[in-house]
Amino acid sequence: MPELLLELFSEEIPSRMQVRASEDLKRLMTESLKDKGLTFEAVTTYETPRRITLVVQGLPQKSPDIREERKGPKVGAPEKAVQGFMRAAGLNSIEDAKVCKDKKKGEYYLAVIEREGQIAEDIIAEIVPEIIRKFPWQKSMRWGEGRLRWVRPLHSILCVFDQKHIAFEVEGIQSGNITFGHRFMAPEPIIVKTFSEYHEKLGTAKVILSSAERATMILENAKALAQENGLQLVEDKALLAETAGLVEWPSVLMGTFDETFLDVPPEVLSTSMKSHQKCFSLKTKNGKLANKFLLVSNLIADDGGQKIINGNERVIRARLSDAKFFWDNDKTRPLADALPKLELVTFHEKLGTQAERIERIAKLSVEIAQDLYSNTPPTPNPSTPGGGEHKVSSQSSKMKNREQAAQSAPSTLMGEGWGGGDLNQVKDFVKQAAQLCKADLASEIVCEFPELQGLAGRYIALAQGHDERVANACAEHYKPQGPSDEVPTEPVSIAVGLADKIDMLVGFWAIDEKPTGSKDPFALRRAALGVIRIILENKLHISLFEFFSNSYQRVRQDLEKNRSRKDKATLNLDDREYIRVMDLDKLLKKLSKEKEDVTVQKTSDLLSFFADRLTVYLRDKGARYDLIDAIFALQNQDDLLAIVQRVNALGTFLETDNGMNLLAGIKRAVNILNIEEKKTGTLYHGDIKIDLLETPEEKILHKAILATQKSIEVALQSEQYKDAMIAMAQLREPVDSFFESVIVNVDNSKIRTNRLKLLSLIRTATHNIADFSKIEG
């Protein structure tokens, strides 16, 4: 079948816009063809700096004929109804309509509309100009006296169908069958009739049509040139894609810069060369940055590219001189001196300045560090991601207990990670890292290269003699910034990184700026996943409720302080305005009374969000969703590591015969209880009356449950979840024997109640591990 070839040829299209433009052209063309009834086999697009090309394979010569029946009004209907029907059906006279009969409706008019299919050439000549005029460029321009808007001046339109030129005109630009080769090496017009001819002739004219092919060519040539000079290419996928969009015939050349610039941090040099000149960095065999760079030229020069290299070296020298100037200035200015400047930097309109946020992060970092330092197992708290009650008052005593434990056990595993020292030294250490972690936001390097924030702080801190772990925290507290990014592993970086992300999440929850649907403008889902990965990959037991609660109270205090300051700043302090201030103070007192309830509500909601994020994370890892739901259904679940360990242990247990059989028995017991409790409105629980246990199976099951319950409690307290599963497995035979030999719903009400209470013991004992009613099978 015939093919359609369309090329839109213009001045250089920005590299970042080319792929989206190809996708938009493909989408608009396929939608328009389908609307016109034209089918096709395949659509392919290509993009270079000066052209967007589209090829439609298997396009028919015409659209199919159409036959449509349209029902009209009843015979004898008002004239207006008849006239409206005639206009809609395209009838000249009502006599052209058929009269049909229906048992219910009676006689009515029916119009049979038949339309002959439209020639494909006419359809193409109609839809392409419309697509060009309404093309959705992110940014566009007009030129000359024309009205057409395009990303850059549009020079020509090539449109060929079935080897024939399709004629149309768009704002003075006539379509044709002519394209052009490379701007410098083969600018002559090229006449084409098919895509294969188009592709072949452009290749001869020094134009590589496929961006993927250009990227591959650049990468291979860059690696080869680096290897020839005993160097290694610093690969950069984003830069590779960008340079592939800057050239139609890539040529890789090597330049040099002065070795004195190597005193500047390598990332600063690489970023400067990449941002300003789109050049690749090189490193020596020992991994250090080399004073060489690779550039991608758009032509093969007669002099081997020497003039091009010289020009790029002059620009690179100027750019690196600027970078060195910024670095020399920043490393001599103490990081701490930048903190007052952050009082003028707004983090968020409602959440205050960066300085206020740093103060909160510092306090929370110390609390987290203390928790990590002590390495004490987390105490269960009354939090539940599913919406249980939280008692904030219990958290303060919990923190005191942990502090006492930390003071008495400074040599734990996590404590050794701090390089020794007592808890007070650790607190000072982490506080210093937290206070400096955002200081580089006021540096000249970050102002010039925002993508270096954190990393710039690390180099400045090291240059100023700060401890290496403090310096590393400046860079690593932002990690992980994506699913493939590594998480921090040093204790200082972990503490500051968790505090940074938790403060951000709690802050936006406090002002009700939560993610909705697919919208997440503040990347809160990524922040939550970062907290999850840091905790799980470092195998940390942390009480999220405790830290969410503490963080929320600090955020709330800052919100109230800022609101009070803003309101008072607008007042003229006469007598009337003093009354307004007093009213404001009363309002703040009222709000403080509600503080505990609001803290519980906000913290519970944020924990629910974390439960959803953890569920997604575990599902991606292959965990069963029903096991995740069964664990989350329990109360006191804010220790993410414990949750994951339970899910894994439970999954392994249920893969055994004991696990599956016991699951069936537990679900049977729970179902019987649910039915009877719903029927009677009574919850069956309480002490078992030993004298009412008639059969041996009842007595054996009762003893087994009591023994198993104690074993499970001991195992859970020591976080030995495998042992808890082994203990629970001991119930299989007693449960099976009970249901084989004992009838629960007997006529004797006392015995029936006692047996139902026995089943409730099974539910209670196993519910400490998971809600088995939510497990499939």
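Table for the structure above
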| read-out | value |
| --- | --- |
| Cubic angstrom per residue, convex hull over Cα atoms of the stretch 275-377 | 249 Å³ |
| The stretch 151-164 - phi-based ³J(HN,Hα) in whole Hz, Karplus 6.51/-1.76/1.60, Gly and Pro as x | 4, 9, x, 8, 9, 8, 10, 9, 9, 10, 10, 6, 6, 10 |
| Net lengthening on full extension, L692/R27 (0.36 nm per residue, minus Cα-Cα) | 231.8 nm |
| Alpha-carbon Rg/Rh ratio, for the chain, with Rh computed the Kirkwood way | 1.09 |
| Cross-link reach list, lysines versus K757, counting only Cα pairs under 23 Å and skipping chain neighbours closer than eight places | K667, K678, K679, K689, K699, K703, K710, K774 |
| Net charge contributed by nearby residues that have their C-beta within less than 12 Å of L692 (K/R +1, D/E -1) | +2 |
| Pairwise label distance in nanometres, Q277 with R67, each label 7 Å out on the Cα-Cβ vector | 7.2 nm |
| Sites Q464 and K288, calculated FRET efficiency, Cβ-Cβ separation with R0 25 Å, nearest 0.05 | 0.65 |
| Rounded to 10°, Cα long-axis angle of helix 306-332 versus longest principal axis of the chain | 30 degrees |
| In degrees, nearest ten, helix 79-89 long axis to first principal axis of the chain (Cα) | 80 degrees |
| Coil-residue trypsin sites (Lys or Arg not before Pro) of the stretch 114-174, DSSP, other Cβ within 10 Å capped at 15 | K134, K139, R142, R147 |
| Calculated P(r) tail over 26 Å for the stretch 636-777, as whole % of Cα pairs | 24 percent |
| Extension gain (nm, one decimal) between D302 and E145, 0.36 nm per residue minus Cα-Cα | 52.6 nm |
| Length gained when the stretch V616-A88 is fully extended (0.36 nm per residue, less Cα-Cα span) | 184.9 nm |
| ³J(HN,Hα), Karplus 6.51/-1.76/1.60, whole Hz, each residue of the stretch 297-305, x for Gly, Pro | 8, 9, 7, 9, 7, 5, 8, x, x |
| Proximal lysine pairs, the stretch 266-355, alpha carbons under 23 Å, eight or more residues apart or interchain | 20 |
| Derived scalar couplings ³J(HN,Hα) [the stretch 50-60; Karplus, 6.51 cos²θ - 1.76 cosθ + 1.60; whole Hz; x for Gly, Pro] | 10, 7, 10, 10, 10, 10, 10, 9, x, 8, x |
| Per-selection Kirkwood Rh - the stretch 295-354 (Cα, Å, 1 d.p.) | 15.6 Å |
| Spin-label pair E11/D485, simplified geometry with 7 Å Cα→Cβ offset, distance in nm | 3.7 nm |
| Pair R20, K36: separation of 7 Å Cα→Cβ label points (nm) | 2.7 nm |
| Total formal charge among the other residues, if their Cβ is under 14 angstrom from that of V315, Lys/Arg +1 and Asp/Glu -1 | +3 |
| Coil-residue GluC sites (Glu not before Pro) of the stretch 653-753, DSSP, other Cβ within 10 Å capped at 14 | E655, E694 |
| Extent along principal axes [Cα atoms of the stretch 193-311; Å; largest to smallest] | 58, 29, 25 |
| With Cα atoms, 0 to 90° folded angle of helix 491-510 axis to the chain main axis | 80 degrees |
| Helical mean residue ellipticity (222 nm; -39500 (n - 2.57) per DSSP H run of 4+; nearest 500) of the chain | -17500 deg cm²/dmol |
| Formal net charge of residues neighbouring G465 (Cβ-Cβ distance under 14 Å; K, R +1; D, E -1) | +2 |
| Spatially proximal lysines relative to K427 (Cα-Cα < 23 Å; intrachain offsets below 8 disregarded) | K363, K398, K400, K438, K479, K501, K539 |
| Loop-located GluC sites (Glu not before Pro) in the stretch 512-556 whose Cβ has at most 16 other Cβ within 10 Å (DSSP) | E513 |
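Just so you know, all these numbers are worked out from the coordinates, no wet-lab data involved. Not measured: the values here are computed from a predicted model. In this analysis, Cβ positions are derived from the backbone assuming ideal geometry, glycine residues included, and neighbour counts consider all displayed protein chains.
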